[in-house]
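Input: a single structure, listed below in structure tokens.
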Amino acid sequence: MRELTGIPATAVKGIALCMAVFHLYTAGFGSFVALIQRSIHLMFAMTLVFLLFPARKKGEGNKVSLPDVLLSLAAAWAFSYVFLHYDAINERIPGISEITTTELVAGGTAILLTLEGARRALGTAMAVIPSLFLVYALFGHHLSGSFSHPPITISECIEYMYLGYDGLFGIPSGISATYLVLFIIFGCVMERTGAGQVIMDLACAAAGRSRGGPAKIAVISSALFGSISGAAVANVYSTGVFTIPLMKRLGYRPEVAGAVEAVASTGGQIMPPVMGAAAFLMAEWLSIPYSSICVAALLPAILYYLAVIVMVHLEAARTGMTGLEEQEIPKMRDIVKRLYLLLPLVVLTVMLFVGYSVARSVLFSTILAIVLSMLSPATRLSVRDILETLSVGSQRSCMLAMATASAGLIIGVVTETGIGLTLTSNIVVYFKDTLPLALVFIMVASLIMGMGVPTVVAYLLVATLTAPILTKLGVSPLQAHMFVFYFAVISMITPPVAMASWAGAEIAGANFNHTGLQAVKLGIVAFIIPFMFVYDDALLLQSDFFHTVMVIVFAVIGIFALASGLEGWMIRRIAPVPRVLLVVAGILLIDPSWQTDLIGLAALLGVFAWQRLSERKVRGTSN
């Protein structure tokens with residue numbers, strides 16, 4: 001993103017502020033009809049993208065060129081055309097009403113500029129993938145077999161993508177236009193008031209004295225901060241610049257330090273109450289309250305972070321690390337004085353669970369954060385601070401707007417060509433009696449689709465094509481979408497791309513491949529739990545109380561067994577064979593079945609008894 005100065009900077013700030021005011025207004029007084037709301041949102045976002053992001057990463061500096069200005073103006077025209085001519089567009093009969101030349105030009109311009117904006121803001125992959133789908137829409141009728149579809153002309157494709165609710169202005173853009181911008185603004189306000197530093201200090205005071213304290217600080221702070229930001233890479237850069245150097249100083253290898261921060265930051269997208277953009281899309285897709293998504297995600301998220309904390313603790317115990325020096329740890333009495341800055345996050349959570357709309361909840365929490373900042377001169381926001389923060393929030397939301405618009409093009413092709421139904425039917429026939437193979441197939445597809453793209457796009461791509469497969473195989477819609485969602489999230493730490501791992505490695509000065517492998521080890525629970533909750537929804541807190549409690553107890557025990565096996569340390573160093581036995585025991589204990597729980601518990605107790613006996617022999621020999 002460019003660091004603009006002078007007139008371009010003023011123009012960008014003004015456009016971004018108008019965008020923020022628009023979204024805050026509609027949050028308070030109600031959104032416009034969907035097509036108007038979404039087209040205004042994308043008009044602002046597309047106009048800003050060409051001013052904020054250069055065409056090339058190198059060679060253009062921070063100057064806005066004339067082509068950038070022209071593209072920005074073209075985007076403003078193409079997307080404003082929709083809401084300015086809403087009545088005429090709304091009266092059209094899709095597939096029957098003739099598309100005008102102006103609509104054809106505006107729609108083609110909007111599609112091309114969306115692809116270019118996505119390339120600038122998100123990388124080449126986010127332009128190539130939708131482009132390939134569009135090519136399939138235009139030329140797929142030349143294919144043979146089940147993947148062929150009826151011919152689609154360019155004008156029909158533009159009409160479908162631009163003048164309706166299945167392309168650029170589909171559900172993904174709708175979520176971005178009504179919820180996600182507000183959460184990004186809320187996160188910026190919380191960051192500006194100092195709430196992020198309170199979270200960091202709180203984590204430091206809670207875990208700084210223990211073994212491997214900085215790693216636990218990274219885990220706790222990233223879980224809390226990531227729940228606000230909902231963006232893995234941004235979370236790595238926000239908290240990692242503090243935690244990674246601390247971890248390295250106390251003895252963690254650079255690749256481990258980078259991996260800890262990457263895994264902890266990625267988990268913010270699965271940690272309620274905010275989570276990430278994909279969670280809001282899931283709620284909309286399934287037509288259930290967002291609070292239901294939060295409830296279902298809570299236990300897996302806790303197990304995920306528990307596993308990371310246990311593993312970094314065992315790593316510290318194995319290598320003999322200590323915690324921070326006393327003078328480096330913030331005084332709890334000083335932190336308590338600033339805890340009121342976190343009240344908006346508590347209020348947001350309560351309002352979401354009580355049943356207030358997402359938009360109203362975020363709006364009220366944002367206003368509360370601004371009001372609370374006034375209680376102390378150190379955090380007080382001036383009018384100028386508030387306006388700048390709102391502007392920054394809108395600018396940051398542009399990347400997400402590009403992601404959702406691009407995803408809308410992909411979903412539009414899937415629905416227009418019928419490829420989704422075709423793929424679902426073929427795969428269901430192939431996997432009809434082999435759900436485990438279907439789950440592995442979808443896991444691999446999610447990880448591949450997530451390479452180098454935002455989580456929300458990875459989720460949309462795979463959920464559109466594969467979630468129906470699981471539902472046809474007998475999996476509930478919530479379980480199916482949570483399964484896809486999890487692997488879309490952890491694609492951020494899975495090589496060969498692993499954007500969060502790359503960010504952690506960059507800060508740590510570590511080898512990317514080594515960091516990625518360490519991140520996979522630390523986040524291994526996220527690869528296991530989705531398979532478990534497909535077979536038993538108790539892990540999603542959807543079962544009866546007694547069964548759920550038993551599942552939680554054995555899952556926690558399983559986390560300790562799995563972590564000990566992976567780290568090679570329990571009471572003392574563990575030999576290779578018991579390590580493998582512990583990993584297997586951990587997986588069996590996390591599995592909700594009581595039969596596997598008993599086998600896993602027996603294996604764990606056996607290794608533990610062997611460790612105790614070995615420890616006594618060592619002590620006896622030394623005496």
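The values are calculated or read from the model by the stated rules, or taken from the named source; none is laboratory data. Note that the coordinates shown come from a computational prediction; the quantities given were computed from them, not determined experimentally. All Cβ positions, glycine included, derive from the backbone under ideal geometry; neighbour counts span all protein chains shown.
A compact table of results
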item: Subset of segment 320-354 [assigned to a helix (DSSP H, G or I) and either under 23 Å from residue 250 (Cβ atoms) or more than 28 Å from the chain's Cα centre (by Cα) (or both)]; result: 326, 327, 328, 332, 333, 334, 335, 336
item: Test: residue in segment 187-203 that is modelled with pLDDT of 85 or more and at positive phi; result: yes
item: Residues (of a type in the set (Ser, Thr, Tyr) and surrounded by fewer than 21 Cβ atoms within 10 Å (Cβ to Cβ)) located in segment 465-493; result: 471, 476
item: Residue that is part of a helix (DSSP H, G or I), in contact (Cβ under 8 Å) with a residue 40 or more places away in the chain and either β-branched (Val, Ile, Thr) or within 25 Å of residue 315 (Cβ to Cβ) (or both), where the choices are 579, 612; result: 612
item: Among the candidates 174, 164, 140, residue that is touching a residue at least 40 places away in the same chain (Cβ under 8 Å) and not in a helix (DSSP H, G or I); result: 164
item: Of all residues in segment 209-234 being within 16 Å of the chain's Cα centre (by Cα) and outside any helix (DSSP H, G or I), the one that is modelled with the lowest pLDDT; result: 230
item: Residue 54 assigned to a loop (DSSP other than H, G, I, E, B) and touching a residue at least 24 places away in the same chain (Cβ under 8 Å); result: yes
item: Residue in segment 110-131 that is within 19 Å of residue 43 (Cα to Cα), surrounded by 14 or more Cβ atoms within 10 Å (Cβ to Cβ) and without any contact (Cβ under 8 Å) to a residue 40 or more places away in the chain present; result: yes
item: Extreme residue, farthest from residue 516 (Cα to Cα), among residues of segment 253-308 that are surrounded by fewer than 24 Cβ atoms within 10 Å (Cβ to Cβ) and of a type in the set (S, T, N, Q); result: 287
item: Cross-chain or 6+ apart pairs with Cβ under 9 Å, segment 198-209 first and in contact (Cβ under 8 Å) with a residue 12 or more places away in the chain, then of a type in the set (D, E, K, R) and surrounded by 23 or more Cβ atoms within 10 Å (Cβ to Cβ); result: 203/216; 206/216; 207/216; 208/216
item: Failed criterion for residue 414 (all others in (1) of a type outside the set (S, T, N, Q); (2) within 19 Å of residue 297 (Cα to Cα); (3) in contact with a Gly (Cβ under 6 Å, 6 or more places away or on another chain) hold); result: (2)
item: Matching residues in segment 118-148 - criterion: being under 21 Å from the mean Cα position of the chain (by Cα) and either modelled with pLDDT of 95 or more or β-branched (Val, Ile, Thr) (or both); result: 124, 129
item: Pairs where the first residue, in segment 368-384, is touching a residue at least 60 places away in the same chain (Cβ under 8 Å) and the second is of a type in the set (Lys, Arg), C-beta under 8 Å, 6+ apart; result: 373/192; 373/380; 379/338; 381/192
item: Selected residue (only one of 556, 584, 549 is farther than 18 Å from residue 307 by Cβ and at pLDDT 90 or above); result: 549
item: Every residue from segment 143-161 that is surrounded by fewer than 17 Cβ atoms within 10 Å (Cβ to Cβ), without any contact (Cβ under 8 Å) to a residue 60 or more places away in the chain, not in a loop (DSSP other than H, G, I, E, B) and not polar (S, T, N, Q); result: 145, 154
